[in-house]
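The values are calculated or read from the model by the stated rules, or taken from the named source; none is laboratory data. Source: prediction; values computed, not measured. So basically every Cβ, Gly included, is an ideal-geometry build from the backbone, and we count neighbours across all protein chains shown. Keep in mind that these areas ignore ligands, DNA and RNA; they rest on the heavy atoms of the full protein, side chains included. Shrake-Rupley method; radii C 1.70, N 1.55, O 1.52, S 1.80 Å.
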Amino acid sequence: MPTKNILVVGGAGYIGSHMTAWLTDLGHTPVVLDDLSTGHRDAVSDAECIEGSIADADLLDRVFKSRPFDAVMHFASFIQVGESVKFPEKYYQNNVVNTLNLLTAMLKHKINQFIFSSTAAVYGEPHTLPIDENHPIQPINPYGHSKSMVEQILADLMRAHGLQYAVLRYFNAAGADPAGRLSERHEPETHLIPLILQVALGQRDAITVYGNDYATPDGTCIRDYVHVTDLCDAHFKALSLLEQGQKSCIYNLGTGQGHSVNEVIEAAREITGCAISVRYGTRREGDPAVLVADARRAMQDLHWVPRYSDLKTIIQHAWNTYKK
């Protein structure tokens, strides 16, 4: 692919910063737009970083006039299921209204390629496992609803205006840059593997497991963990496909292999060599028992092969960065 100017919205966050580094490594020119409400300026080392929100139409005008962007990658969503249940208005404002503002600005400036960070939460409680892209869209929390709404908006904009997009439905993003440059840094942290590693480092006294009475072999939730670097690879391959004239597309990103919360904790004990105390709590509203991807479509169409997404590699890379 020729060198591209790519706007990475939310590029100071966890996945966005890894994507920015990936694009830079490949010789492209990412420009980050991030309001730094959850991202970190120091996670953007080799790219221009513009501080601001996609809610600001005037700012978007200035950004899109500043250079000829070839595509936009969008990572600037709120992602906490439990918080979305408590504050749905926050999620619909940021994830839906602000994203529509971004898309409207793109159309105005004739930018036609969009890579959207979506989620397995659009499926809700699975009817069949593993979950493929034809599974019914029946989200059970506002976070999932907000993402499915954007997916519908994208389909409508494609029909009306010819916008070309790739929707990438992540299962559980995890891990850290294999070279140790970046890590997962949510404040407060809500993701399982970083929380477990904080216990291993003595920063927490125990990991709380929300529910051990699910209909799974050990009673804890099962999730499909996919390495953040493999996600970046899929994003780039999806953009390359659009560049080749592929029409808009939707892909699951996962491994097809599920791991229970207890299995993740045990793997972390093995890798860190630390005792990790566990506290069992009640279920969280909006958490399905099992989410495992059928990602064969992405593997076939994108020629995407997850290289780092076995559980022990994910934990090892995260542990390497956390120890620093």
Filtered residue count, the range 11-65, keeping only those that are hydroxyl-bearing (Ser, Thr, Tyr), open to solvent by 60 Å² or more (accessible area, probe 1.4 Å) and in contact with an Asp or Glu (Cβ under 8 Å, 6 or more places away or on another chain)
1
Somewhere in the range 276-286, is a residue of a type in the set (A, V, I, L, M, F, W, C), touching a helix residue (DSSP H, G or I) at 6+ places or on another chain (Cβ under 6 Å) and at pLDDT below 95?
no
If you go through the range 129-147 one residue at a time, how many are out of contact with any Ser or Thr (no Cβ under 8 Å at 6 or more places or on another chain), of a type in the set (S, T, N, Q) and in contact (Cβ under 8 Å) with a residue 24 or more places away in the chain?
0
Only one of (1) of a type outside the set (Asp, Glu); (2) surrounded by fewer than 18 Cβ atoms within 10 Å (Cβ to Cβ); (3) part of a loop (DSSP other than H, G, I, E, B) fails for Pro306. Which number is that?
(2)
Just for the range 148-204: of the residues that are open to solvent by 40 Å² or more (accessible area, probe 1.4 Å) and basic (Lys, Arg), which one is farthest from Asn94 (Cα to Cα)?
Arg204
Per the list (1) at pLDDT below 95; (2) open to solvent by less than 20 Å² (accessible area, probe 1.4 Å), residue check on Val209 breaks on (1)
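Residue by residue, here is whether (1) among the polar types (S, T, N, Q); (2) buried (at least 21 other Cβ atoms within 10 Å of the Cβ) holds:
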residue: Gln244; (1), (2): yes, no
residue: Val261; (1), (2): no, yes
residue: Ile276; (1), (2): no, no
residue: Tyr280; (1), (2): no, no
residue: Val290; (1), (2): no, no
